[in-house]
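Structure, as structure tokens:
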Amino acid sequence: MTVDHVDGEAMGSLVVTNIGELVTNDATLGEGMLGVLRDAAIVAENGRVAWVGPAARAPAADAALDAAGRAALPGFVDSHTHLVFAGDRGGEFATRMSGAPYTGGGIRTTVAATRAASDDELRETVGRLRREALRQGTTTIEIKSGYGLTVPHEVRSLRIAAEVSAETTFLGAHVVPPEYADRPDEYVSLVCGEMVTAAAPYARWVDVFCERGAFDEDQSRAVLSAGIAAGLMPRVHANQLGPGPGVRLAVEVQAASADHCTYLADADVDALAGSATVATLLPGAEFSTRSPYPNARRLLDAGVTVALATDCNPGSSYTTSMSFCLALAVRDMRMTPEEAVWAATAGGARALRRTDVGHLAVGSRADVVLLDAPSYLHLAYRPGVPLIHEVIQDGVLT
Ligand code: NIG
Ligand code: FE
């Protein structure tokens, strides 16, 4: 049987044949850091990769998909998004493009809109953006809360996020909400007490916006410690808008990832290089806030593990496109195309401490993206072009 398109149906095993260039991210399977195989095939069974190798030796399967020489790679792993929100900040974007700076102050606008929205409105937005991301090749996505900032609103955001992803992050410490403006330490106590206890059953991660104007080092450490005590694993919004303690704090608490990393001191780079903490770079945010990009070369040359993610949110980066972020990383952050593809797949998996996604080898999840292009190079070489031909998630055509 040959499959043209079977939407979302499990169909036994599936062999994708005639792949011109397959990125496996497994150096034991193919060439270079991306483990590239030419004229390859891959077999999915029960959601996992059952076989990968030369097309000429591919075993038979229940269904076959002819890639017709196209390139294929692991599904993107977007390890940083804020999809649970209501409202629109297009006006704020336009103001910035006319010269206004980004300060993070608009977060409170989204908090007000999110609190006022119904569950179904939030669910509709999360579902729409999740589908939008999937169509663009994102098969694993992390989703944060952080626009509720009360116990019931943070819990609701996480419950809705958990309906579409296992990678949910409690970000009650996004900013101090207006009703606590003159007593921020009381808000931190709420986050570290009742809020984290109520949120923990719906989250895997705890995050904090450690930044001037949001939470300082001591407050951030308290939030992360409370999250860890509640069984969550830490990750940190660090050094986005200026230099600060966020990256070193992330390393101190053995966070899976320090995200943004735009303003780094040498000590920050050294701390990351000597740790298992991934530096997650979010060039969509610098693009949409017209800010300087993080220095990816400096991090990579120091031996830091780098991930790329979208930071999709209505304020600083309203994109679900990993291809767009990858192209920015290559063009404006001086990452090689290989480094950028690795960072958007295997790097994201490291940032989420996942060993089952971000690469394609026997036993990994069968999350495969087929490109309307002969090579992964085209992701950066043909920016803005819809190159995602087919997305296979858990062995199923989506
Ligand atoms: O990652 N830095 C904090 N949070 C988001 C921005 C959210 C917003 O502006 O609504 C970020 O860029
Ligand atoms: Fe963010």
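Residues of the range 172-215 that are buried (at least 18 other Cβ atoms within 10 Å of the Cβ) and part of a loop (DSSP other than H, G, I, E, B): His174, Val175, Val176, Pro177, Ala203, Arg204, Glu211, Ala214. Just so you know, in the range 87-104 the residues that are surrounded by 12 or more Cβ atoms within 10 Å (Cβ to Cβ) and free of Cβ contacts under 8 Å to residues at least 40 places away in the same chain include one that is farthest from Gly242 (Cα to Cα), and it is Thr95.
Considering only the range 70-93, how many residues are over 25 Å from Lys144 (Cβ atoms) and not in a strand (DSSP E or B)? Residues meeting the conditions: 1.
Restricting Arg131, Arg212 to residues that are among the charged types (D, E, K, R) and within 16 Å of ligand 1 (Cβ to nearest atom) narrows the list to Arg212. Each residue in the range 118-134 was checked for being touching a residue at least 24 places away in the same chain (Cβ under 8 Å) and either outside the structural domain of Tyr318 (by TED's automatic domain parsing) or over 17 Å from Gly90 (Cβ atoms) (or both), and 9 of them qualify.
When Gln219 is tested against (1) farther than 18 Å from Phe85 by Cβ; (2) surrounded by fewer than 18 Cβ atoms within 10 Å (Cβ to Cβ), only condition (2) is not met.
So which pairs qualify, if the first residue must be in the range 227-238 and part of a loop (DSSP other than H, G, I, E, B), the second must be open to solvent by less than 10 Å² (accessible area, probe 1.4 Å) and away from ligand 2 (no atom under 15 Å from the Cβ), the Cβ gap must be under 6 Å, and the two must be at least 6 apart or on different chains? If the second residue must be open to solvent by less than 10 Å² (accessible area, probe 1.4 Å) and away from ligand 2 (no atom under 15 Å from the Cβ), the pairs left are Ala230/Val196. Taking the criterion of being under 15 Å from Ser225 (Cβ atoms) and of a type in the set (Phe, Trp, Tyr), the only residue of the range 160-195 that qualifies is Phe170.
Per-residue answers, yes or no, for (1) among the acidic types (Asp, Glu); (2) assigned by TED's automatic domain parsing to the domain that holds Tyr147; (3) more than 28 Å from Asp39 (Cα to Cα):
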| residue | (1), (2), (3) |
| --- | --- |
| Asn313 | no, yes, yes |
| Ser321 | no, yes, no |
| Ala340 | no, yes, no |
| Gly347 | no, yes, no |
| Arg365 | no, no, no |
| Leu370 | no, no, no |
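Taken over the range 44-86, residues that are open to solvent by less than 40 Å² (accessible area, probe 1.4 Å) and over 30 Å from Thr168 (Cα atoms) amount to 11.
Note on the range 307-359: among residues that are open to solvent by less than 10 Å² (accessible area, probe 1.4 Å) and among the polar types (S, T, N, Q), the one that is farthest from ligand 2 (Cβ to nearest atom) is Thr345. Total residues in the range 360-384 satisfying the condition of being part of a loop (DSSP other than H, G, I, E, B), open to solvent by 50 Å² or more (accessible area, probe 1.4 Å) and in contact with a helix residue (DSSP H, G or I) (Cβ under 8 Å, 6 or more places away or on another chain): the figure is 3. Any idea which residue in the range 287-306 is farthest from ligand 2 (Cβ to nearest atom), counting only those that are in a helix (DSSP H, G or I) and farther than 22 Å from Leu352 by Cβ? Here the residue is Asp301. Output the number of the condition that Ser323 fails; it satisfies all remaining conditions of (1) small (Gly, Ala, Ser); (2) closer than 27 Å to Arg248 by Cβ; (3) more than 16 Å from ligand 1 (Cβ to nearest atom). Status for Ser323: all satisfied but (2). For the range 139-147, state whether one or more residues are assigned to a helix (DSSP H, G or I), away from ligand 2 (no atom under 16 Å from the Cβ) and in contact (Cβ under 8 Å) with a residue 12 or more places away in the chain. No; the residues of the range 139-147 include none that is assigned to a helix (DSSP H, G or I), away from ligand 2 (no atom under 16 Å from the Cβ) and in contact (Cβ under 8 Å) with a residue 12 or more places away in the chain. Within the range 249-306, if we keep just the residues that are hydroxyl-bearing (Ser, Thr, Tyr) and open to solvent by less than 10 Å² (accessible area, probe 1.4 Å), the residue that is nearest to Met335 (Cα to Cα) turns out to be Thr280.
Which residues, counting only those in the range 197-222, are more than 15 Å from ligand 2 (Cβ to nearest atom) and closer than 20 Å to Ala351 by Cα?
Matches in the range 197-222: Ala200, Tyr202, Ala203, Arg204, Arg221.
The values are calculated or read from the model by the stated rules, or taken from the named source; none is laboratory data. Every value quoted in this text rests on a predicted model; they were computed, and no experiment measured them. Because the Cβ atoms are built from the backbone with ideal geometry, glycine has one as well, and the counts that use them run over all protein chains shown. With ligands, DNA and RNA removed, areas are computed over all heavy atoms of the protein, side chains included. Shrake-Rupley method; radii C 1.70, N 1.55, O 1.52, S 1.80 Å.
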